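K.L.:
Please find one structure pasted underneath; my questions will follow.
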Amino acid sequence: MNVPGSASGQLAHQTFLYRKALHPELFALKARRVVRHNDYELEVWLTPGGHVARFKHGTFCCCELVTDSDDRLPVEGAVTGFPCSGEHEFEHRFVAERVTYIVSVQTETLSENLYSATYDEMTQFAKETGALVYAWSDSDRTAIRPMHDGLNGSCGVSAGLNGQPYMNGAELGGRAGGNGWTTNGSSRHRAARGPGNLSLVDIQKLSREVHCQSYHLIEQSGLVLRTQTIFEHA
């Protein structure tokens, strides 16, 4: 699957929708959260600069993937894919399964000062809401060891950052603090070189639908990518 590059030569973010589960081994998973409510389940994986959201209702499963990588992306089961540029809205109904997927995507490139202010605002938002968060530096992209697991989306034990194991549970990552906070690299290092990069997902449960709001902040380009997703079942 080909992903277009940006004018600067960097890979552009894209959003994909699949009508199947995606294998965790395809991604550099840094944090994970599972939400079960009534008849549905939502599992979210954070990667540096992207995420996977897997929605399950009965025997049906679909996945949203937001990524800037073209490495081993599956083609089988893909419903659609589109670039995350400007503003974009998309809706798809899985008629037979009576599941509806709705997403709104917004991107903005900020100046250095505005990016730093937005970074601080988002970190505060994450602490207040208990959102799932991963903060990282650009060097972390070359130091990632993907998890290995089955297609059912559950997480086993695998080598993580600094040789520490990933453990079964709602969240996993480098160093975890309260409210789902996960970081890689000291705060001193980040302060010396700017705020760094940030990915976060906030989940809201309703009776027959679940809302998934994500922010991905990329320091090098000043990019702020926001997605608002709804998975709904009849």
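The values are calculated or read from the model by the stated rules, or taken from the named source; none is laboratory data. No experiment lies behind these values; they were computed from the predicted model shown. Note that we place each Cβ from the backbone using ideal geometry, even for glycine, and neighbour counts take in every protein chain shown.
K.L.:
List every residue pair whose Cβ atoms sit under 6 Å apart, with the two residues 6 or more apart in sequence or on different chains, where the first one lies in region 84-97 and is in contact (Cβ under 8 Å) with a residue 60 or more places away in the chain and the second, anywhere, is assigned to a loop (DSSP other than H, G, I, E, B).
P.N.:
Once the first residue is in contact (Cβ under 8 Å) with a residue 60 or more places away in the chain and sits in region 84-97, its partners that are assigned to a loop (DSSP other than H, G, I, E, B) give 84/13.
K.L.:
Out of region 67-109, which residues are in a loop (DSSP other than H, G, I, E, B), touching a strand residue (DSSP E or B) at 6+ places or on another chain (Cβ under 7 Å) and over 21 Å from residue 46 (Cβ atoms)?
P.N.:
Scanning region 67-109 gives 77, 85, 86, 97, 98.
K.L.:
Do we find that residue 149 is in contact with a strand residue (DSSP E or B) (Cβ under 9 Å, 6 or more places away or on another chain), in a helix (DSSP H, G or I) and modelled with pLDDT under 95 in this structure?
P.N.:
no
K.L.:
Now a separate question. Restricted to region 49-87, and to residues that are surrounded by 13 or more Cβ atoms within 10 Å (Cβ to Cβ) and among the small types (Gly, Ala, Ser), which residue is nearest to the chain's Cα centre (by Cα)?
P.N.:
50
K.L.:
Okay, moving on. Return the residues of region 113-122 that are surrounded by 11 or more Cβ atoms within 10 Å (Cβ to Cβ) and either part of a strand (DSSP E or B) or more than 21 Å from the chain's Cα centre (by Cα) (or both); say none if nothing qualifies.
P.N.:
Result: 114, 117.
K.L.:
Please enumerate the residues belonging to region 88-112 that are surrounded by 13 or more Cβ atoms within 10 Å (Cβ to Cβ), hydroxyl-bearing (Ser, Thr, Tyr) and touching a Leu at 6+ places or on another chain (Cβ under 7 Å).
P.N.:
Result: 101, 107.
K.L.:
Oh, and also: Quick check on region 62-72. Is at least one of its residues modelled with pLDDT of 95 or more, of a type in the set (Lys, Arg) and farther than 22 Å from residue 213 by Cβ?
P.N.:
The answer is no; no qualifying residue exists.
K.L.:
Mind checking whether some residue in region 124-141 is closer than 30 Å to residue 101 by Cα, in a helix (DSSP H, G or I), at pLDDT 95 or above and out of contact with any helix residue (DSSP H, G or I) (no Cβ under 9 Å at 6 or more places or on another chain)?
P.N.:
Yes, region 124-141 has at least one match.
K.L.:
Considering region 1-52 alone, what residues qualify as being at pLDDT 90 or above, within 23 Å of residue 87 (Cβ to Cβ) and assigned to a loop (DSSP other than H, G, I, E, B)?
P.N.:
13, 49
K.L.:
For residue 64, indicate whether it is under 19 Å from residue 205 (Cα atoms), free of Cβ contacts under 8 Å to residues at least 24 places away in the same chain and part of a strand (DSSP E or B).
P.N.:
On the way: under 19 Å from residue 205 (Cα atoms): yes; free of Cβ contacts under 8 Å to residues at least 24 places away in the same chain: no; part of a strand (DSSP E or B): yes.
No.
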